[in-house]
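What follows is calculated from the coordinates using simple rules that are stated; it is not laboratory data. Everything quoted here is computed from the prediction, not taken from an experiment. Note that we place each Cβ from the backbone using ideal geometry, even for glycine, and neighbour counts take in every protein chain shown.
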Amino acid sequence: MKDSEQITALRELLATPKNILITTHHKPDADALGSSLGLAGYLKKKGHRVIVVTPSDYPAFLNWMPGHEEVLVYEPQTDARVRQLVSESQVIFCLDFSALSRINDMSEMVRQSPAFKVMIDHHMFPEDFAQVTISDTRAAATCELVFEVIRALGDQELIDAQIGECLYAGIMTDTGSFRHPSTSRNVHLIIAELIAAGVNTARVHRLIYDNHTLTRLRFLGYALKDKLVVYPEYNTAYIAITQEELKEYDSRTGDTEGLVNFALSIEGIVFAALIIDRGQAVKMSFRSVGDFSVNEFARAHFNGGGHHNAAGGISHDSLAATVAKFESLLPQYQEQLIHSA
Ligand code: 5GP
Ligand code: MN
């Protein structure tokens, strides 16, 4: 961790016990929840009062994470409580997101809170809303940065197996199980430290990846058999899912996680999309290999963003209109898509 000024500021901030709120992006994934709970476990050991609030529910396959039973899921019913917690906290950590819009209905209360805000994140184009911003797009995961922050604060020995398994989960999933180019030497060195701290890596892998319900697996089969659309001339593949299909397969939060990677795994495909009608909006997941930037694509056309090879976006048109728009955009990227691999 090079940014010693940020660490010095954090060290001073955390020198006395504080009321700390940690939040992360809408529909938290393993990196979002793992970085939040890993940091929470550490800060509690340091004597702070810590609460983790998520702007929405999260997949059941994250329900094993130590500390998850104390997570407050923001809902209209708990509004007053969360509002009070936000207003009473002295420090708010914003983890795994770079723009306040990513915490949806919580963004205004966090923006207006007088608390000292700390962003720790690895997405592109961080907004300037925090007093301390630790943002590094080269980091494979926010969990990697949380590990580094704890180490830079001189507290690596406080990372036990519980904290370590939260951090491991985020690094494992955000690197695609150590496959993506983000899987640096540093990542492997940190994993070695986590194993030394007692992390059971096989257990974490099983809890996250070998935890399908039968209907989720059937849904995967259906999506791959009947819903996968391939455009070989654009090296592109996508899957579009209706609300009815989600209902038919009793789809739960997280059930569509990873689906887009199957489209990307087809030989020659460099751009994949998963387009899902969620009712209030159509949500899109984009993945690419090589030079084609899905971050730029999502920002330019679907009000989104993320990373170079993994991004998301949103559309308020119908599913059919969104798919039509997506398809109509492909010709203008044909050159890039053909040369990306
Ligand atoms: P996923 O497709 O797994 O939901 O998201 C891929 C990446 O893009 C993640 O890093 C996620 O935080 C980011 N992302 C997903 N949806 C959005 C969005 O609507 N806006 C922005 N700015 N980023 C998103
Ligand atoms: Mn992440």
In the range 40-64, what residues are over 21 Å from S113 (Cα atoms) and touching a residue at least 12 places away in the same chain (Cβ under 8 Å)?
G41, Y42, K45, K46, G47, D57, Y58, P59, A60, F61, L62, W64
Of all residues in the range 1-34, how many are farther than 17 Å from G254 by Cβ and assigned to a helix (DSSP H, G or I)?
10
Can you pull out every residue in the range 240-276 that is under 21 Å from the mean Cα position of the chain (by Cα), farther than 18 Å from G313 by Cβ and not in a loop (DSSP other than H, G, I, E, B)?
F262
Looking across the range 17-37 at residues that are in contact with a helix residue (DSSP H, G or I) (Cβ under 7 Å, 6 or more places away or on another chain) and more than 23 Å from G176 (Cα to Cα), the single one that is nearest to ligand 1 (Cβ to nearest atom) is T23
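Yes or no, residue by residue, for (1) more than 8 Å from ligand 1 (Cβ to nearest atom); (2) aliphatic (A, V, I, L, M):
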{"position": "S265", "(1), (2)": "yes, no"}
{"position": "A272", "(1), (2)": "yes, yes"}
{"position": "R278", "(1), (2)": "yes, no"}
{"position": "F286", "(1), (2)": "no, no"}
{"position": "G290", "(1), (2)": "yes, no"}
{"position": "S293", "(1), (2)": "yes, no"}
{"position": "R299", "(1), (2)": "no, no"}
{"position": "G304", "(1), (2)": "no, no"}
Hey, among the residues in the range 76-109 that are touching a residue at least 40 places away in the same chain (Cβ under 8 Å) and away from ligand 1 (no atom under 16 Å from the Cβ), which one's surrounded by the most Cβ atoms within 10 Å (Cβ to Cβ)?
F93
Here is a list of conditions, (1) touching a helix residue (DSSP H, G or I) at 6+ places or on another chain (Cβ under 8 Å); (2) surrounded by fewer than 24 Cβ atoms within 10 Å (Cβ to Cβ); (3) of a type outside the set (G, A, S), and R138 meets all of them except one; can you say which number that is?
(1)
Is one or more of the residues making up the range 45-59 within 16 Å of ligand 1 (Cβ to nearest atom), acidic (D, E) and surrounded by fewer than 23 Cβ atoms within 10 Å (Cβ to Cβ)?
yes
